[in-house]
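Below: one structure, written as structure tokens.
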Amino acid sequence: MPAFTYQKCSDLSQAMKWLAEDKDTFLLAGGTDLLVGIRGGKFKARQVADIKDIEELKILKEDQKGITIGAGVTLNEIAQFEPVQKNVPILAEGCNSIGTYSVRNRATLVGNICNASPAADTAAPLYCLGAIVKIAGPGGERQVGIEDFFTGPGQSALKAGELVTAILIPKPYPQGKGVYKKASRTRSVDLATVGVAVQRWGQEVRIALGAVAPTPVRASSVEKAINEENVTDAAQAASLVEKDISPISDLRGSREYRYHISKVLVRRGLEETEEVCS
Ligand SMILES: Cc1cc2nc3c(=O)[nH]c(=O)nc-3n(C[C@H](O)[C@H](O)[C@H](O)COP(=O)(O)OP(=O)(O)OC[C@H]3O[C@@H](n4cnc5c(N)ncnc54)[C@H](O)[C@@H]3O)c2cc1C
């Protein structure tokens with residue numbers, strides 16, 4: 001493991017100070033992406049600022065705005081939070097699809113999106129829920145919609161010196177049912193070859209996919225067919241997903257396989273959610 005300086009942050013201002021002082025400072029939340037990345041040479045970290053014990057980042061609450069999930073909250077805490085289970089279970093499904101129980105005991109939702117992998121398993125559910133990313137930095141606080149947060153593979157809307165403080169799942173929550181479906185090489189621990197979230201929203205549907213484009217994407221063509229053109233046949237609607245994605249071939253699957261399995265998972269997601277809403 002390459003050497004780096006370790007800084008333990010007790011509050012947000014300390015974390016921002018380390019970020020401002022050295023551009024080769026990396027934030028550590030659960031460390032399940034960061035430490036693997038440092039060891040593998042993906043991240044050249046001179047300094048690591050540990051934010052996981054910052055009290056204000058441990059916020060996990062529901063109020064009139066929705067559900068707020070701080071940057072220090074783990075995936076297991078989110079999946080077990082009653083308002084998530086009751087109102088937005090698709091997010092619990094996305095969290096539970098990551099790694100193992102012990103990985104999820106450390107890994108955070110915010111770390112999952114800040115890593116900005118197109119295959120991040122929480123991204124597609126967050127797209128369907130219209131999540132809002134809360135950011136703090138030298139210029140103050142700002143908010144970005146989740147679809148604008150991902151800008152490319154490993155790239156996000158974060159500017160120099162900024163960090164994510166929390167994610168808001170805004171009210172009104174979707175009515176109906178949501179499912180997250182993941183195809184991977186094994187039934188055990190693996191990143192998604194394709195991940196598909198399907199969420200009924202009143203009489204409408206929202207669909208998002210991961211690992212099939214440089215960023216997670218909405219299946220706009222499928223959504224339009226169902227929401228605006230009254231297409232009711234799930235297979236017919238799902239076949240349109242090929243217009244929305246641009247997969248590559250890599251060690252997890254070929255481009256052709258990803259096209260195929262995307263259609264299959266979108267169809268299954270539509271079928272599994274339609275009866276509660278029809
Ligand atoms: C065995 C194993 C299995 C895994 N399986 C999956 C899987 O199935 N699906 C999946 O999607 N992922 C998987 N992962 C990846 C990883 O666990 C997740 O992406 C996790 O959610 C990352 O969260 P973390 O808190 O550990 O992030 P960290 O590793 O601490 O951070 C990740 C990145 O985000 C940055 N960062 C962290 N917090 C902030 C913040 N508040 N503001 C700005 N930047 C920040 C860090 O500097 C780093 O670049 C797996 C990892 C392991 C080790």
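Quick note: the coordinates plus some simple rules give every number you see, no bench work behind them. None of these values were measured; they are calculated from a predicted model. Here the Cβ positions follow ideal geometry from the backbone for every residue, glycine too, while neighbour counts run over all protein chains shown.
Some observations on this one:
- Legend: ranking of residues F26, F149 from fewest to most surrounding C-beta atoms inside 10 Å; resulting order F26, F149.
- Between helix 255-277 and the chain: long-axis angle, C-alpha atoms, 0 to 90°, nearest 10: 70 degrees
- The angle separating the long axis of helix 12-21 from the principal Cα axis of greatest extent in the chain is about 80 degrees.
- In terms of distances greater than 23 angstrom between alpha carbons, the cross-link table entries K86/K181; K65/K86; K42/K159; K8/K65 yield K8/K65.
- Estimated 222 nm signal from helices in the chain, with DSSP H stretches of n ≥ 4 weighted -39500 (n - 2.57), rounded to 500: -9500 deg cm²/dmol
- Max mean-square fluctuation residue, GNM over the chain, Cα-Cα springs under 10 Å, options T100, T215, T32: T100
- Based on C-alpha pairs under 8 angstrom that are at least 6 apart in sequence, the stretch 153-278 has a relative contact order of 25 percent.
- Which of I38, L19, V48, positive extreme of dipole for the stretch 5-50 (C-beta unit charges): I38
- Residue order, fewest to most surrounding Cβ atoms within 10 angstrom, among Y180, Y173: Y173, Y180
- Sorted by Cβ neighbour density within 10 Å, fewest at the top, the residues F4, F150: F4, F150
- Overall, the chain carries a charge dipole of about 620 debye about its Cα centre when +1 sits on the Cβ of Lys and Arg and -1 on the Cβ of Asp and Glu, all other atoms neutral.
- For the stretch 5-50, the square roots of the Cα gyration tensor eigenvalues, ordered a ≥ b ≥ c, give a/c of at least 1.5 with a/b no greater than b/c, which places it in the oblate category.
- Top of E82, E21, E93 by mean-square fluctuation, Gaussian network on the chain, Cα under 10 Å: E21
- Relative contact order (percent, whole number), the stretch 1-152, Cα cutoff 8 Å, 6+ residue spacing: 18 percent
- Summarising the label geometry, the points placed 7 Å from Cα in the beta-carbon direction at R268 and A20 lie 5.0 nm from one another.
- Taking the DSSP beta bridges with both ends in the chain, the antiparallel portion is around 85 percent.
- One chain, two ends: I248 and T232. Fully extended at 0.36 nm per residue, the span grows by 2.8 nm beyond their Cα-Cα distance.
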